[in-house]
């Protein structure tokens, strides 16, 4: 059975060219960029080459604006905590949208504990930030706003330039989590006037354990990790040069290839969405139909549980995700789905399919057939299917089953 | 010209077996441990296997006591900041030795800014913590003490059990940076009663960009990075499974092989120290002669600059370090050397040779001859050599040259 991987949002396989490049480094160029000898100088050069390639991918004007970190979660933490604490004598309000990544949501909570005011910008039924509302919430006390270019779970993209105009008009700065968007849709920090942008290597088919934060020249942040003063003092710790070099190469490849690949994935996405929503009754798309990532098909099927669907699909070699907060131990749907679906019952039946370079349009028929069969089977066993919805009864049932 | 790498403290080449293991993972097992499908479960298993191997290496009783991080600097930050902030309602004093790693020193400074009292335990001329002094400094207001098992720069080891007895008698807890020590000397967190221990993968010939913090059951810390709640909520961010699996394998290999390898490196170390100190005049050992890491030969040569020495040795294919704070842009000697040498002039002439698996005892004669020649050449050009030391004049000269 050939496995079909439709969960690229959870992690991408590494590009074979990047693997090969890193293997060479492991063996020969393991130097510390701070060392004075040849091996150290080699490492320093590789570090700066990668910085340039990452800067180029997002349209940054200067490579010095790229700070390498251990990944996107750390970058999100560094951006928000680092900016809020560095500039804490002035404004005291932090604004994030209601559908930001869990790392942004939990950093916001932490800042709230530290005494900052946190406000949540609402989104419409498609997950688009409501711009007039944002314009009301962002005020003269607002320090920083964090809104992602696109949501990795439901696929909806934002008009980042319109958002940055609102934010800057109030004298605040804009951070954006670029992880799901970079390499899939046009991202350019200069055109879109983004002050800080989070990047992940693995989402570009580079190695895990490395990411970056773009910090526009003049934006002052303080570190969250202290030590030897690497990365202009903003991220101490010996630089992970092999992974950073892999990240640089992945960024370089993405820069050249992303447009064509996104076009290809978009066709698979559209065929998946169209086939599933037309062949399965009460199957609905999560997020916006056109303003969405080319590699994201997020759907909900009324009357079933997403977890059961994912486990059953796995038995057929199809790997997907529910879209629920994946590292959570509860069966609660994610805050993202809860923000956009008509009611919580629908959120429970979600399936997130995220495409990548290894997917083929020829797979769509097989995938759709299996999903249709599994949904039918699960619905046949479901006490929720075919009955008018009694929300109160359903809530009691959920509480009971989670307590087991 | 065959290169001789004598700077293993700055980074180790990866074990070939670990490289091979990781290559397999990059390609096939790139799953996210939080995913419900097969690839996710595979990743979860690899993560827990590695946790067990790392726990075994340091004698931890439960694998759940190992928290994976992005490296030793982050582990040191998590231990000190995480403990101080989690327990801030009680005691307010943090004690570190005067020769801790720069990440510990800078975290201590940060905690001082946050209002904690920071005290520095003095060391003797060999870099051994003065236990009676420590016993005075650690008091009923002391929250946490951080003292490394061994110093990576001058090689001196500490009596960690005696230190933990002093710390615990006052009701404080002990964190130890185990990076230079683990895999070189016996480290056992249960025998030595260490509450938290920092580990680095690359120092065990594993990949860079991954480390761990041992946190004894019952020791409460808070995270410094917030997000999806991975690693029991103490280190959010998608787990870097290929690197963690490489770390686990490196730990497993170290567990089996370290005693024999340390014995071998000790012989090279002793031959290096004996040859250099007996063949070169005014060449002195930094640190203790016997209570030292088996892979560390740190020396100082009166009348020259360590940086010039390192650059000249590199031209002969010998890669070493000065022992100065390597990521610092100044020519100041490190705080470690300054704490143990008779005067600052001597600290400037330091050379740190750190051994690894790729070094051979047959190389010692060649290395010693080159070092002797280079030292002679540099001394012949040095205005400091052969004159009685005028500290005041020397300081003026240094200030002048640094201003250039």
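May I ask you to list the residues in segment B:252-279 that are in contact with a strand residue (DSSP E or B) (Cβ under 8 Å, 6 or more places away or on another chain) and crowded, with 18+ Cβ neighbours inside 10 Å?
Selection gives B:254, B:262, B:269, B:272, B:273, B:276.
Determine whether segment B:197-214 contains at least one residue that is modelled with pLDDT of 95 or more, in contact with a strand residue (DSSP E or B) (Cβ under 8 Å, 6 or more places away or on another chain) and surrounded by fewer than 24 Cβ atoms within 10 Å (Cβ to Cβ).
No, segment B:197-214 contains no residue that is modelled with pLDDT of 95 or more, in contact with a strand residue (DSSP E or B) (Cβ under 8 Å, 6 or more places away or on another chain) and surrounded by fewer than 24 Cβ atoms within 10 Å (Cβ to Cβ).
Quick one: would you say residue B:264 is at pLDDT 95 or above, assigned by TED's automatic domain parsing to the domain that holds residue B:369 and within 20 Å of residue B:10 (Cα to Cα)?
Judged against the criteria, residue B:264 is not a match.
Taking only segment B:295-314 into account, find how many residues are modelled with pLDDT of 95 or more, surrounded by fewer than 23 Cβ atoms within 10 Å (Cβ to Cβ) and in a loop (DSSP other than H, G, I, E, B).
Number satisfying all stated conditions: 0.
Among (1) facing chain A (nearest Cβ under 8 Å); (2) on the phi < 0 side of the Ramachandran plot, there is one condition residue B:28 misses while meeting the rest; what is its number?
(1)
Mind checking whether some residue in segment B:85-94 is under 24 Å from residue B:178 (Cα atoms), more than 12 Å from chain A (Cβ to nearest Cβ), modelled with pLDDT under 95 and in contact with a strand residue (DSSP E or B) (Cβ under 9 Å, 6 or more places away or on another chain)?
Checked against the condition, which is being under 24 Å from residue B:178 (Cα atoms), more than 12 Å from chain A (Cβ to nearest Cβ), modelled with pLDDT under 95 and in contact with a strand residue (DSSP E or B) (Cβ under 9 Å, 6 or more places away or on another chain), segment B:85-94 yields at least one hit.
Take segment B:59-71 and flag every residue that is within 21 Å of the chain's Cα centre (by Cα), away from chain A (no Cβ under 11 Å) and part of a loop (DSSP other than H, G, I, E, B).
Of everything in segment B:59-71, those that are within 21 Å of the chain's Cα centre (by Cα), away from chain A (no Cβ under 11 Å) and part of a loop (DSSP other than H, G, I, E, B) turn out to be B:59, B:60.
Within segment B:327-345, identify whether any single residue is surrounded by fewer than 22 Cβ atoms within 10 Å (Cβ to Cβ), outside the structural domain of residue B:155 (by TED's automatic domain parsing), part of a helix (DSSP H, G or I) and at pLDDT below 85, and answer yes or no.
There is at least one residue in segment B:327-345 that is surrounded by fewer than 22 Cβ atoms within 10 Å (Cβ to Cβ), outside the structural domain of residue B:155 (by TED's automatic domain parsing), part of a helix (DSSP H, G or I) and at pLDDT below 85.
Quick one: count up the residues across segment A:15-26 that are more than 25 Å from residue A:359 (Cα to Cα) and either surrounded by 13 or more Cβ atoms within 10 Å (Cβ to Cβ) or in contact (Cβ under 8 Å) with a residue 24 or more places away in the chain (or both).
Counting residues in segment A:15-26 that are more than 25 Å from residue A:359 (Cα to Cα) and either surrounded by 13 or more Cβ atoms within 10 Å (Cβ to Cβ) or in contact (Cβ under 8 Å) with a residue 24 or more places away in the chain (or both) gives 3.
Answer yes or no: is there a residue in segment A:198-217 that is out of contact with any helix residue (DSSP H, G or I) (no Cβ under 7 Å at 6 or more places or on another chain) and away from chain B (no Cβ under 14 Å).
Within segment A:198-217, none of the residues are out of contact with any helix residue (DSSP H, G or I) (no Cβ under 7 Å at 6 or more places or on another chain) and away from chain B (no Cβ under 14 Å).
Confirm whether residue A:33 is surrounded by fewer than 24 Cβ atoms within 10 Å (Cβ to Cβ) and over 26 Å from the mean Cα position of the chain (by Cα).
Taking the combined requirement at face value, the residue satisfies it.
Does any residue of segment B:352-368 turn out to be in contact (Cβ under 8 Å) with a residue 40 or more places away in the chain, in a helix (DSSP H, G or I), surrounded by fewer than 17 Cβ atoms within 10 Å (Cβ to Cβ) and out of contact with any helix residue (DSSP H, G or I) (no Cβ under 9 Å at 6 or more places or on another chain)?
Yes, because at least one residue in segment B:352-368 is in contact (Cβ under 8 Å) with a residue 40 or more places away in the chain, in a helix (DSSP H, G or I), surrounded by fewer than 17 Cβ atoms within 10 Å (Cβ to Cβ) and out of contact with any helix residue (DSSP H, G or I) (no Cβ under 9 Å at 6 or more places or on another chain).
With respect to residue A:56, determine if the residue is in a helix (DSSP H, G or I), touching a helix residue (DSSP H, G or I) at 6+ places or on another chain (Cβ under 7 Å) and either closer than 30 Å to residue B:315 by Cα or assigned by TED's automatic domain parsing to the domain that holds residue A:242 (or both).
Taking the combined requirement at face value, the residue satisfies it.
The values are calculated or read from the model by the stated rules, or taken from the named source; none is laboratory data. All values derive from a computational prediction rather than experimental measurement. Cβ atoms come from the backbone with ideal geometry, glycine included; neighbour counts cover every protein chain shown.
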